[in-house]
Amino acid sequence: MDRKRLLQWYHNYALLLGVTSYRLVAGRFRQTWLTRRYALFMNTFEILTLPLVFWMAARYLELVSWWPNFITSTSYILNAVIYVTIVYTVLSRGRRDSVLVDVERIVAKVERHGFDQRKYIGRSLSYIFYLKYGAVLYQCLSGWVMTLMLPHETRWKALIGSFLYGNAMNIPVIATQRYFQALWSLTCCYQYINIQLMEIIRSAHARKPTSVHLAELHRLWALHALLGRCTLCLNRIYGLMMIAARFYNFISSAFNWYWGMLFYFGIDAPLYLLVYGTFNFWIRLIDFFLLDDMCDLAIKYQSSPHDAVSEGYWFQELNVYLLYASTSRISFSACGLYNANRKFWFQMLGAIVGYSILLLQFHLVMRDSYKL
């Protein structure tokens, strides 16, 4: 599928949910009075109606006894966490939109200097782009499919509530995807700078650089500094929302792991339900892994070592630039609590397994009083 068309569909759905008030027109963000008022209406509607929707969803799970009787409050806790995440996502929409517009302007500035995605995007960036959007597409569709999986439920009230619930669950997913998209665009710009720098080094091999080379080096330096400031601003604005989204992903994964073990070994559940739950569980974990992997790729391209410089002509301006690049390494931290990278994702996965085993121990001790 064409990358631009995929981005167009994604941004249209983000606008439909009220995650942003900008439309994507010809690859550029555009805001009108209609989109501003629509986003404000959707945000108000979500804040006022989602408590009732989440309460109905938790109450429904309690009535159909999908959870063990001694942790019936689990669904209420999970829904409370996701509601707080959605409220913060809605209230911080303006700040996120402003920094994303800045990212779009920087990318447009780089494109005016000859940046071509087909030339400067490597396989790793292309693969992670399509994998991440595939994971997001599955999560959005699974929320709608869940409406059709309600056992013996044909009331319009329950179906509409389930549909609203599924779309509400997609709000944090879509919001964090915009963070991924901004990081991906900035990383492509870093890759452009690295390739242009290598062309300067090769052209200046065994001879002094010309004034054209020096002017290009100064331009790349200014662009690199601008990208660094924008990256840090993006990380700062999205920090608290990423904590909330990751916390919900963590606790929901721990309970869903435990819930899945009960369905596999203790309950005669339909095969389609087991496959759906397993696939949904791992897709949500992989989605966050791809986001953490994108953070590692951004750091890698932002502070590329440039080992081939020693093979070319070493001049003073290049020496100063490389000294600047080696001392301006960025890191992605969520409000200073942790660094977002692949290592932290594996630590989170280990914690999920540990807490799931703890819940399973409670189940084995209390299974005499367990009912489903």
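Comparison of A57, A39, A26 shows that the only residue that is modelled with pLDDT under 80 and touching a Gly at 6+ places or on another chain (Cβ under 8 Å) is A57. Checking every residue in the range 174-195 against the condition of being modelled with pLDDT under 85, open to solvent by 10 Å² or more (accessible area, probe 1.4 Å) and more than 30 Å from N280 (Cβ to Cβ) gives at least one match. Residue pairs whose Cβ atoms lie under 8 Å apart, separated by 6 or more positions or on different chains, with the first residue in the range 30-53 and aromatic (F, W, Y) and the second open to solvent by less than 40 Å² (accessible area, probe 1.4 Å) and part of a helix (DSSP H, G or I), are Y38/L15.
Within the range 337-356, the set of residues being over 24 Å from S304 (Cα atoms), open to solvent by 30 Å² or more (accessible area, probe 1.4 Å) and either at pLDDT 75 or above or in contact with a His (Cβ under 8 Å, 6 or more places away or on another chain) (or both) comprises L337, F346, Q347, L349, G350, A351, V353, G354.
Residues in the range 119-129 that are in contact (Cβ under 8 Å) with a residue 24 or more places away in the chain and hydroxyl-bearing (S, T, Y) were compared, and the one that is most open to solvent (accessible area, probe 1.4 Å) is S124.
Comparison of V19, V110 shows that the only residue that is open to solvent by less than 10 Å² (accessible area, probe 1.4 Å) and at pLDDT below 85 is V110. No other residue among L240, L273 is at pLDDT below 75, out of contact with any strand residue (DSSP E or B) (no Cβ under 6 Å at 6 or more places or on another chain) and of a type in the set (A, V, I, L, M, F, W, C) apart from L273.
Hey, among R246, R202, which residue is under 20 Å from N280 (Cα atoms), part of a helix (DSSP H, G or I) and basic (K, R)?
Working: R202 fails: under 20 Å from N280 (Cα atoms).
Within the list R246, R202, the selection yields R246.
Of all the residues in the range 36-52, those that are surrounded by fewer than 16 Cβ atoms within 10 Å (Cβ to Cβ) and touching a Phe, Trp or Tyr at 6+ places or on another chain (Cβ under 8 Å) number 1.
Here is a list of conditions, (1) farther than 29 Å from W259 by Cβ; (2) at pLDDT below 75, and V365 meets all of them except one; can you say which number that is? For V365, the exception is condition (1).
Taking the criterion of being outside any helix (DSSP H, G or I), at pLDDT below 85 and at negative phi, would at least one residue in the range 122-144 satisfy it?
At the first step, the residues of the range 122-144 found to be outside any helix (DSSP H, G or I) are 122.
Checking which are at pLDDT below 85 leaves us with 122.
Remaining after also requiring at negative phi: 122.
So far as the range 122-144 goes, yes, one or more of its residues are outside any helix (DSSP H, G or I), at pLDDT below 85 and at negative phi.
The values are calculated or read from the model by the stated rules, or taken from the named source; none is laboratory data. If you're wondering where the values come from, they're calculated on a predicted model, not measured in any experiment. Reconstructed Cβ throughout: ideal geometry from the backbone, glycine too, with neighbour counts over all protein chains shown. Keep in mind that these areas ignore ligands, DNA and RNA; they rest on the heavy atoms of the full protein, side chains included. Shrake-Rupley method; radii C 1.70, N 1.55, O 1.52, S 1.80 Å.
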